[in-house]
Amino acid sequence: MTQPSSNHSSRHLPSSTRVSIPVKWKRYGGRKIIIVPDSPSAAALPAPRDESMVKAIARGFRWRQLIDDGTHATIDDLAAAENINASYVSRLLRLSLLAPSIVTAVLDGTQPPLLQLQHLLKPFPSNWEEQRRHFGFDGASA
């Protein structure tokens, strides 16, 4: 095989073939992956989850359990034990009141694309159907 010369004329370059493959870039677990249409591997990928939402919901349920079982008597007591601000503990505790279908959607990564943790930490309706509308889920069944 001959070494390519530094001369850039086309007679010295080997012939080439251009291949075009339609692909999509998708964020998955904090990294970008290539999705090739109709590939079996694309269908096998689990839905990407927003790990910050999952972690916040899990903490809310855990903290609710610690209060319910008497491990901590108050939110202030729990906050002190966790070395976290009591208002933050209160906001995460409220996540334990989310409709089960919303929690499931977040765990499965099927929540509305625009739903972010900051939205969940703001006050929301207590009624599950109203929560679904409030957070942009299609339909109102919980």
- Query: In sequence order, what are the phi-derived ³J(HN,Hα) couplings for the range 53-61 according to the Karplus relation 6.51 cos²θ - 1.76 cosθ + 1.60 with θ = phi - 60°, rounded to whole Hz, with x for glycine and proline?
  - Reply: 5, 4, 5, 5, 5, 4, 4, x, 5
- Message: With θ taken as phi - 60° and the coefficients 6.51, -1.76 and 1.60, list the Karplus ³J(HN,Hα) couplings across the range 104-118 in order, rounded to whole Hz; mark glycine and proline as x.
- Response: 4, 4, 5, 5, 7, x, 10, 5, x, x, 8, 6, 10, 4, 4
- What net charge do the residues around GLN111 carry, taking every other residue with its C-beta under 10 Å from that of GLN111, with Lys and Arg at +1 and Asp and Glu at -1? -1
- Charge dipole magnitude, Cβ of K and R +1, D and E -1 - the range 54-142, Cα centre, debye nearest 20: 220 debye
- Task: May I ask for log10 I(q)/I(0) of the range 51-142 at q = 0.24 Å⁻¹, from a Debye sum over the Cα atoms as equal point scatterers with solvent left out?
- Result: -1.20
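FYI, it's all coordinate maths here, none of it is from the lab. What you see is a predicted model, and the numbers here were worked out from it, not measured in a lab. Glycine gets a Cβ as well: all are built from the backbone with ideal geometry, and neighbour counts include every protein chain shown.
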